[in-house]
Amino acid sequence: MSEHDSTPGTQRPYTHRIRSFVVRGGKITPSQQRALNELLPKYQLTSDVPFDAKRVFGNHNPVWLDIGFGNGESLVHAALNDPDVNLVGIEVHPPGVGHLLLEMEKHGLENIRLYQEDAVDVLENAFADDSLDAVHIYFPDPWHKKRHHKRRLIRPDFVALVEKKIRHGGRLHLATDWLPYAEAMHEVMQQFPAFRNQAVAAGEPPLSSARPPWRPVTKFERRGQKLGHKSHDLIYTLRKL
Ligand SMILES: C[S@@+](CC[C@H](N)C(=O)[O-])C[C@H]1O[C@@H](n2cnc3c(N)ncnc32)[C@H](O)[C@@H]1O
């Protein structure tokens, strides 16, 4: 049963779920609004329809999912540099979605699709198990205060969901510039031994992976760098039995 189930008397288990985001009003520019009006219908996917890569993209290329894509810089970077990859993004913040659509238009990118919904709903309802080649979660909201840690995206129940959706040999790539969150991510990931930390596999400390070429430095990250924040990449390969 999904949370959309409206059968009278049935339980709605996720109605009161703690969300990892607050949809901020945020200023939306007229061009972003135009993009949302005119371009979103062409590129938007919705979680009530099972995701079928062949139908959506017309090919069998690998599928990379970017969760909480912000302004979409990492998706655009990947679409330009890896044209043989199918890119799917999830973001709830309307100006960010508008920004991505404008960049897609500017660069003529046809290998990106997006969901404007909670990533938990999308993963639960749209993606089949073993359907994703990579999941990227860059700079998820750190929710600094202890009483807000329950809102963090990288928690065991969420990782268990992501693990089901990534195929054997696929990748999970996390990045954050908040060291306590990086450490918490590492702790959570240790509960999932099928995810092999690439740094550890190379005999290095768990938080020591270098930024790989498929992850660009985003506006958000640059802002942190100006405050002296160091970024941490945690890159895992999934081995399923
Ligand atoms: C700090 S920003 C990082 C943006 C981008 N990944 C980057 O590196 O620049 C985190 C983003 O995740 C989005 N987000 C948080 N939880 C989400 C969820 N459950 N589903 C979809 N988007 C989410 C927020 O709206 C926000 O834009």
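The values are calculated or read from the model by the stated rules, or taken from the named source; none is laboratory data. Fair warning: this is a prediction, and the values are worked out from it, not measured in the lab. Heads up, the Cβs are rebuilt from the backbone with ideal geometry, glycines too, and the neighbour counts pull from every protein chain shown. For accessibility, only protein heavy atoms count, side chains too; no ligands or nucleic acids. Shrake-Rupley method; radii C 1.70, N 1.55, O 1.52, S 1.80 Å.
Observations on the structure shown:
- Net charge contributed by nearby residues that have their C-beta within less than 14 Å of F192 (K/R +1, D/E -1): +4
- Along segment 133-138 the Karplus relation, 6.51 cos²θ - 1.76 cosθ + 1.60 evaluated at θ = phi - 60°, assigns HN-Hα couplings of 8, 8, 10, 10, 10, 9 Hz to successive residues, with x for each Gly and Pro.
- Per residue, the accessible area of segment 124-241 comes to 53 Å² when a 1.4 Å probe rolls over the protein heavy atoms.
- For segment 72-78, the Karplus equation 6.51 cos²θ - 1.76 cosθ + 1.60, evaluated at θ = phi - 60°, returns couplings of x, 4, 6, 5, 5, 4, 5 Hz by residue, with Gly and Pro reported as x.
- Cross-link pairs beyond the 23 Å C-alpha cut-off, checked among K106/K219; K146/K219; K27/K165; K146/K230: K146/K219; K27/K165
- Of all lysines in the structure, those lying under 27 Å Cα to Cα from K164, and not within fewer than 8 positions of it along the same chain, are K54, K150, K240.
- Surface calculation, 1.4 Å probe, protein heavy atoms: H107 sits at approximately 80 Å² accessible.
- Once the Cα gyration tensor of the chain is diagonalised, semi-axes √(5λ) in Å: 25, 22, 20
- Length gained when the stretch A202-K230 is fully extended (0.36 nm per residue, less Cα-Cα span): 8.0 nm
- For Q44 and L241, a Förster radius of 35 Å and the Cβ-Cβ distance give a FRET efficiency of 0.45, rounded to the nearest 0.05.
- Accessible area ranking (1.4 Å probe, heavy atoms, ligands and nucleic acids excluded), largest first, for W214, W178: W178, W214.
- The chain - mean residue ellipticity at 222 nm from DSSP helices (-39,500 (n - 2.57) per run, n ≥ 4, rounded to 500): -9000 deg cm²/dmol
- For segment 115-162, the Kirkwood estimate of hydrodynamic radius, built from reciprocal distances between every pair of different alpha carbons, is 12.2 Å.
- Rounded to the nearest 5, the antiparallel percentage of DSSP beta bridges internal to the chain is 35%.
- With each label modelled as a point 7 angstrom along the Cα→C-beta vector, the D157-R19 pair spans 1.6 nm.
- Listed by chain and number, the aspartates and glutamates placed with their C-alpha closer than 15 angstrom to that of K42 are E103, E105, E110; residues fewer than eight positions away on the same chain are left out.
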